[in-house]
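See structure below.
Throughout, read-outs are computed from the coordinates displayed, never taken from laboratory work. These numbers come from a predicted model, not from an experiment. When we count neighbours, we look across all protein chains shown, and the Cβ atoms used for this are built from the backbone with ideal geometry, even at glycine.
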Amino acid sequence: MAAAARRAATGLFPMLRSSPSLARPRRSDSLTLPAFLRPRRLPLHPVRPFFCSAALSSPAPAASNGVAPERVPDLHLYNTKSRRRELFRPRAPGGEVGMYVCGVTPYDDSHIGHARAYVAFDVLFRYLRYLDYEVRYVRNFTDIDDKIIARADQLGEDPFSLSKRYSEDFLSDMANLQCLPPSVEPRVSDHIEQIVNMIKQIIDNGCAYVVSGDVYFSVDNFPEYGKLSGRKLDDNRAGERVAVDERKKNPADFALWKAAKDGEPWWDSPWGPGRPGWHIECSAMSAQYLGDSFDIHGGGEDLIFPHHENEIAQSRAACCDSSINYWVHNGFVNVNGQKMSKSLGNFITIRKVIELYHPLALRMFLLGTHYRAPINYTVEQLNVASDRLYYTYQTLRDCEVSTQQEQSSSGDSLPATTTLCVGKLHKEFETSMSDDLHATVALAAISEPLKVMNDLLHTRKGKKQEKRLESLSALEEKIRTVLSVLGLMPSSYHEALQQLREKALRRVSVTEEQVLQKIEERTSARKAKQYARSDEIRDELAALGIALMDGPDGTAWRPSVPSSEQAVVASST
């Protein structure tokens, strides 16, 4: 029961609890579906303490997680270190999966590159749990760093106050994007003791040296350096966040501990007052919470070198048995075809985007490209994602209303066509997600079921189908499962639709009252047989991204891709 309560608080479907309509018993629960088509339930395992086995030369045997292999494809992940797609086998069969993802350095608002990374690893977190794995997910805050100190000095603010403020803003952004909270969110400033102890061990093992209160890692004393990135020492450029220090034995050597400077935060250490270097923090905190060896280490592609390369060197220099089985990295974000950067002036924050777009529209856009591929951010593609999200939620909302208002027929079996449709979605979802998290394919797989639902809801032929309501419920249930694993399930379809409408109006600085006035003007023009004026009004609104829909009860409106962008979108697909 403790595990059930814990999952209710932070589980795979956290957003369903606040919606009475979505939390109601589903009619499809009583239908006769093949077992493998029924929604998966997370197991009620007792909470087990995490443990980590000693490093092995090859991955541990596959976990026994209660999933029948003939029904759920084995999960494969692309491993940056081996440069190939590998079968996922957790180190501790029957135990927790350990996953560490490098967090933010909170000195400014988080940008869509951060959104891309943490949405990708949130999907991995959710899918591992869908597969019945217990997961200990650790994501850190680098709350003391050169960039934080420089920004705090610029603003005349205490560095820890600044980093705390931006950390809280980051957590708010993640909540808006519906990223589940990690199991642990450690901060560097709370782990100085662990960092100092690890540096001591590295020095004792002959892989680091002290120079005037600074401690440097000696890459020459670690022959494996470069295996993750594939770089040779001669190719490594000295310095990433700091200038080259002539006191280094090798220009590629990097700081583990930095001697204190006037006006900067510092802590005591055996080498004098100072603070940690950038890389050592993740090695120390991952070891603290996951052990010296664990399953998955993730981050953006830009972290492969030097950050993750240096992490491997530090961790193995401190503990020769240290190893990580799977290194997983997400691709870059480009903006209108150019790499996003502050120097180019195309740096886009999450908060700036969600001022005008629903946060889940941004999430859907990010999931529209495989996590390892570069993604090109454009307003046109964000509009497409928003439009698709609206269509999805509108279909599911119509289904919800229909099944609430009408009585289902007797009997407990589903039509064969419905069972086949649900089964196809189930298979395509699990097959695509188990193939290195192809969420794009999983999203595409819901298109046909949504079309079937709309036929059942709105066409004359569909409304006459046998067991129509039961079919609608079964289809909605399976789509809901897919959306939940992808983090796209809203607390309420109705509320999400209203928010999408409000954002669409805000983008073009138009009120709903003005739209309704245009609709009334168009209705009057049609009655007067002024069809040219009627078409003109429709076209004016379409150019703004407002589509009109005529029906027996009058004319309604919905957000859409602006007509001026449709040619651009079509040419890019």
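Under 18 Å Cα-Cα from LYS503, which lysines qualify once same-chain neighbours fewer than 8 residues away are excluded?
Leaving aside lysines fewer than 8 places away in the same chain, those within reach of LYS503 are LYS352.
Based on the alpha-carbon gyration tensor of the stretch 372-462 and its eigenvalue square roots a ≥ b ≥ c, which shape applies: rounded if a/c is under 1.5, prolate if not and a/b is larger than b/c, or oblate?
Judged from the Cα gyration tensor, the stretch 372-462 comes out oblate (a/c at least 1.5, b/c at or above a/b).
Among the lysines, which fall within straight-line cross-link reach of LYS464, defined as a Cα-Cα distance under 21 Å, with same-chain neighbours fewer than 8 residues apart omitted?
Straight-distance partners of LYS464: LYS451.
If packing is taken as the average number of other Cβ atoms within 10 Å across a peptide's residues, how do 157-165, 180-188 rank, most packed first?
180-188, 157-165
At a 10 angstrom cut-off on C-beta neighbours, averaged per residue, how do the peptides 529-537, 104-112 rank from highest to lowest?
Descending mean neighbour count gives 104-112, 529-537.
For the stretch 178-303, what does the relative contact order come out to in percent, with C-alpha contacts under 8 Å and a separation of six or more?
So the answer I get is 26 percent.
Listed highest first by mean packing, meaning other Cβ atoms within 10 Å per residue, what order do 314-322, 555-563, 345-353 come in?
Top of the packing list down: 314-322, 555-563, 345-353.
How large is Rg over Rh for the stretch 443-573, taking Rg from the Cα atoms and Rh as the Kirkwood inverse mean of 1/r across Cα pairs?
My calculation puts Rg/Rh at 1.03.
Of LYS147/LYS261; LYS147/LYS258; LYS81/LYS249; LYS424/LYS478; LYS227/LYS249, which sit over 19 Å apart, Cα to Cα?
From LYS147/LYS261; LYS147/LYS258; LYS81/LYS249; LYS424/LYS478; LYS227/LYS249, over 19 Å: LYS81/LYS249; LYS227/LYS249.
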